[in-house]
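Here the structure is laid out as structure tokens; the discussion comes afterwards.
The values are calculated or read from the model by the stated rules, or taken from the named source; none is laboratory data. Here the structure is a predicted model, which means the values were calculated and not measured. Positions of Cβ are generated from backbone atoms using ideal geometry, with glycine treated the same way; all protein chains shown enter the neighbour counts.
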Amino acid sequence: MDVVIQIIASGLTLGAMYAVATVGLSLVYGSLNMLNMAHGALLTLGGYMCYAAITHLGFHPIFGLVAAALVCALAGLAIYVFATLPLLRAENFETNIFIATIGIGAVIESLMLKSFGPYPIPQPLAVSGSVVIGNVHIPLQNIMILLTALVAMAAVALLLQKTRAGRAIRATSMSRDAAQLMGVRVGQIYAQVLALSGGLAAISGVMISSIATLTPVMGGDPMLKAFIICIVAGLGNVYGAVLAAIVLGLLEAATQYVLGVRWSFATLLLLVILVLIWRPYGLFGRQQVVRL
Amino acid sequence: MAEPILQLKGVKSGYAGRLVLQGADFVAGKGELTAVIGPNGHGKSTLLKTISGIVRVSEGEISLKGKRLDTLRPDQVVAEGVIHVPQGDLLFPGMTIYENLMMGAYLTREAGSVAERLERVFTLLPKLKDRRNQVAGTLSGGERRMCGIGRGLMAGGEFLMLDEPSLGLAPIVIDQIYEVIFDLRHAGMSILLVEENAERIMDQADSIHLLDNGRFAWTGKGAELMARPEIVEAYLGA
Ligand SMILES: Nc1ncnc2c1ncn2[C@@H]1O[C@H](COP(=O)(O)OP(=O)(O)OP(=O)(O)O)[C@@H](O)[C@H]1O
Ligand SMILES: [Mg+2]
């Protein structure tokens, strides 16, 4: 019983962090057909910005998180202006932006390495203490992460479902041409989505570094998992991605316990392969739309 | 002829490396029903996409009531009052009918006029009202077409372009759709209609334009077209 509680607690924490990392990736792919390979670096950037704001600028931890989100939102905007926009005008956007964002990610990571050094740094945004359920001590940190992720997800869902801007984002991801015919300025939507995705990446980077540590390459692993989650859910399906993230988080926690840490990634990949054989468009992927 | 609302002068446009419109000259009258006919693949849809700004003009001019459209972005063209109901509907499949209609009114900020238009669309297309909460991806062909037209009308524009509104529908549904279109026209709306089947709009259209290989090859009234069976035969294979 205690083991189950333990697995669920750490699985949900993992899942929540993955969900926040994945939603941004999925939104960007859904509305622009853009695989943002710099997403992991944005996560890293967010983690370090929060650290720098708290340690070097003396920000309150909450404002450290907000500052990190703002910096990464701006970075997302910069990616739009300097990479997406020019490449959209040419052909082969999807391939070009894929390669361009790999480069951008490398630049960001090098900047972090130069500025903060190669050694792991603890994330100052952390709470100590724990709650006890049964005989299991669940760190307050995990609960904080879960709550933060819930708030972030709820805010994104509210934005997408209930606001004019959110409806335009969804419309653009369903049909760019039709959205334009409704008067949506798609360039603005793209910019908004990349900024939002940057902000979410920052939040997820801060959360991840608060239970691991800050390193210049910390974004790689969560980004890989975010991609896997996106593909399992069906690229561009935001709500499916949240669900898949939580399921995969739980699965990872379970495999880590049952088989050991080194098997968790292999299990994940095996699962992806099985899902894609069964449903090539992902679990919640869009069926090919019938066109007249 | 009524005073012109839309005017094209020597318009050339197309897709990467492929010119489709090759110098199209064209006038649509205010408050009139203007029909464009022509064989498959000769640029009818491209004509509408060029007017709405989705396809860029490479040469020539497009103007609405004297104001240049060809230099504007698609969202600015919509703001000028041009509505484009595209071929194949292009609904937002994951949204309900209601949300689709609301997207149609995306540029209208006053809640009052949106509610008014919604009321009018529901009166004109009552089926949409019954099904307002159904997801568009699950609609039948006829319902999709109605939703597409309704969504267009939600924009409140004054120049309505319809790309093959009868495509793929059963005859009885086609009649329903055309009834709506003719109603709109009698209510004074300026309409540009693309239709493959010339006979369907023969009596109602104020002018008919035949698009052949990216140029207008013939313009006239329905009765005049009937008097020229060789044109109908050569271009439309009827
Ligand atoms: N997105 C596109 N990219 C490249 N070529 C295109 C594109 N859309 C249309 N074309 C080409 O442009 C030409 C004109 O197409 P268009 O859709 O305007 O024809 P149409 O008259 O509307 O035909 P239909 O009656 O079949 O709808 C065709 O040869 C078509 O293959
Ligand atoms: Mg067409």
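Residues that are of a type in the set (S, T, N, Q) and in a helix (DSSP H, G or I): does segment A:230-243 have at least one? So far as segment A:230-243 goes, no, none of its residues is of a type in the set (S, T, N, Q) and in a helix (DSSP H, G or I). Within segment B:140-152, the residues that satisfy the criterion of being away from every other protein chain (no Cβ under 12 Å) and either within 16 Å of ligand 1 (Cβ to nearest atom) or crowded, with 19+ Cβ neighbours inside 10 Å (or both) are B:E143, B:M146, B:I149, B:G150. Could you grab me the full set of residues in segment B:53-76 that are away from ligand 2 (no atom under 16 Å from the Cβ) and either part of a loop (DSSP other than H, G, I, E, B) or among the aliphatic types (A, V, I, L, M) (or both)? Matches in segment B:53-76: B:G53, B:R56, B:V57, B:I62, B:L64, B:K65, B:G66, B:L69, B:D70, B:T71, B:L72, B:R73.
Answer yes if at least one residue in segment B:93-109 is out of contact with any Cys (no Cβ under 8 Å at 6 or more places or on another chain) and more than 12 Å from chain A (Cβ to nearest Cβ), and no otherwise. No, segment B:93-109 contains no residue that is out of contact with any Cys (no Cβ under 8 Å at 6 or more places or on another chain) and more than 12 Å from chain A (Cβ to nearest Cβ). Any idea which of (1) surrounded by 15 or more Cβ atoms within 10 Å (Cβ to Cβ); (2) over 17 Å from A:D177 (Cβ atoms); (3) touching a helix residue (DSSP H, G or I) at 6+ places or on another chain (Cβ under 7 Å) is the one B:N133 doesn't satisfy? All conditions pass for B:N133, except number (1). Which residue pairs have Cβ atoms closer than 6 Å, lie 6 or more positions apart in sequence or on different chains, and pair a first residue in segment B:162-173 that is within 24 Å of B:S52 (Cα to Cα) with a second residue that is within 11 Å of ligand 1 (Cβ to nearest atom) and assigned to a helix (DSSP H, G or I)? As it stands, the answer is B:D163/B:S45; B:D163/B:L48, since those pairs meet every condition given.
Of A:Y18, A:Y48, A:Y80, all but one fail to be among the aromatic types (F, W, Y) and under 15 Å from the mean Cα position of the chain (by Cα); the exception is A:Y18. A single member of A:G47, A:G105, A:G58, A:G15 is within 14 Å of A:S197 (Cβ to Cβ) and among the small types (G, A, S), and it is A:G105. Step by step: first the residues of segment B:67-86, then only those that are within 11 Å of the chain's Cα centre (by Cα) and more than 7 Å from chain A (Cβ to nearest Cβ), then the one that is nearest to ligand 1 (Cβ to nearest atom). Which residue is that? Only one residue tops the list, namely B:V85. Scanning segment B:1-23 for residues that are more than 21 Å from B:G222 (Cα to Cα), of a type in the set (A, V, I, L, M, F, W, C) and buried (at least 17 other Cβ atoms within 10 Å of the Cβ) turns up B:L8, B:V11, B:V20, B:L21. Only one entry of B:G38, B:G10 meets the criterion of being of a type outside the set (V, I, T), touching a residue at least 12 places away in the same chain (Cβ under 8 Å) and within 13 Å of ligand 2 (Cβ to nearest atom), and that entry is B:G38. Candidates A:S173, A:S210: the one that is more than 10 Å from chain B (Cβ to nearest Cβ), in contact (Cβ under 8 Å) with a residue 40 or more places away in the chain and crowded, with 22+ Cβ neighbours inside 10 Å is A:S210. Check whether at least one residue in segment A:149-167 is modelled with pLDDT under 95 and surrounded by 24 or more Cβ atoms within 10 Å (Cβ to Cβ), and report yes or no. Yes, some residue in segment A:149-167 is modelled with pLDDT under 95 and surrounded by 24 or more Cβ atoms within 10 Å (Cβ to Cβ). The listed residues are B:V27, B:V55, B:V20, and the only one of them that is away from chain A (no Cβ under 14 Å) and either within 16 Å of ligand 1 (Cβ to nearest atom) or within 23 Å of B:G88 (Cβ to Cβ) (or both) turns out to be B:V20.
Number of residues in segment B:186-204 that are within 14 Å of B:M161 (Cβ to Cβ) and of a type in the set (G, A, S) equals 1. For segment B:121-134, the criterion of a residue being touching a residue at least 12 places away in the same chain (Cβ under 8 Å), within 11 Å of chain A (Cβ to nearest Cβ), within 22 Å of B:M189 (Cα to Cα) and outside any loop (DSSP other than H, G, I, E, B) is satisfied by no position.
Quick check: anything in segment A:181-203 at positive phi, modelled with pLDDT of 90 or more and within 14 Å of another protein chain (Cβ to nearest Cβ)? Talk me through it step by step, then tell me what you get.
Here is the first cut: in segment A:181-203, the residues at positive phi are A:183.
Next cut, modelled with pLDDT of 90 or more only: A:183.
From the residues that got through so far, the ones that are within 14 Å of another protein chain (Cβ to nearest Cβ) too are A:183.
Yes, there is a match, as at least one residue in segment A:181-203 is at positive phi, modelled with pLDDT of 90 or more and within 14 Å of another protein chain (Cβ to nearest Cβ).
Report, by residue number, each residue of segment B:32-52 that is within 14 Å of ligand 1 (Cβ to nearest atom), under 15 Å from the mean Cα position of the chain (by Cα) and in a loop (DSSP other than H, G, I, E, B). Correct list: B:G38, B:G43. The residue of segment B:155-170 that is nearest to the chain's Cα centre (by Cα), among those that are more than 16 Å from ligand 2 (Cβ to nearest atom) and either among the hydroxyl-bearing types (S, T, Y) or more than 9 Å from every other protein chain (Cβ to nearest Cβ) (or both), is B:L160. Going through (1) within 14 Å of another protein chain (Cβ to nearest Cβ); (2) away from ligand 1 (no atom under 13 Å from the Cβ) one by one, B:V232 falls short only on (1).
Could you grab me the full set of residues in segment B:77-91 that are buried (at least 22 other Cβ atoms within 10 Å of the Cβ) and more than 16 Å from ligand 2 (Cβ to nearest atom)?
B:V77, B:V78, B:V82, B:I83, B:L91
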